[in-house]
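Remarks on the structure that follows.
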Amino acid sequence: MCSRNRLTVALRILAGASYVDVYFAFRVSVATAYAGAHYAAGIIQKSFALPDIPFNNETKLASIAPAFTQFRRSPLFGCIGALNEILIQIQKLPDHVLY
């Protein structure tokens, strides 16, 4: 698979597409789709040099949030960081919507 297709598949997986969707759109196996997603995620992480965030330690996360709010003068409480300081509000779909 060429780099362009690998990136497209990876972005689609990272955006929440199912392996069935990826299979029908690109005709690639589940293993190929997820391998591409892992590869792309690694490149993204290296490219942005994201700090080492202790996602598995709730105590450390709780101590980071107030510091972020104060340092950035942010109205967001419980937030541990932001990319480009962009806020995107996400709303849950109603329970009766099928997706």
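Derivation of every value follows stated rules applied to the coordinates shown; laboratory data play no part. Please read all numbers here as calculations on a predicted model, not as lab measurements. Cβ placement follows ideal geometry from the backbone for every residue including glycine, while neighbour counts extend to all protein chains displayed.
Annotation for F71 and I44: the two label points, set 7 Å from Cα along the Cα-Cβ direction, are 2.2 nm apart. Summing charges over all other residues whose Cβ lies under 15 Å from the Cβ of T32, with Lys and Arg as +1 and Asp and Glu as -1, gives +3.
Are there chymotrypsin sites (Phe, Trp or Tyr not before Pro) in the range 1-58 that DSSP marks as loop and that have at most 14 other Cβ atoms within 10 Å, and which are they? Working shown, then result.
On the way: sites: Y19, Y23, F24, F26, Y34, Y39, F48, F55; in loops: F55.
Within the range 1-58, the qualifying chymotrypsin sites (Phe, Trp or Tyr not before Pro) (loop, at most 14 other Cβ atoms within 10 Å) are F55.
A DSSP coil position with no more than 11 other Cβ atoms inside 10 Å describes the following trypsin sites (Lys or Arg not before Pro) in the range 1-54: R27.
About its Cα centre, what dipole magnitude does the range 1-75 give when the only charges are +1 on Lys and Arg Cβ and -1 on Asp and Glu Cβ, stated in debye to the nearest 20? Before the final figure, lay out the partial values.
Values: 8 positive and 3 negative charges, 52 e Å.
Charge dipole of the range 1-75: 240 debye, to the nearest 20.
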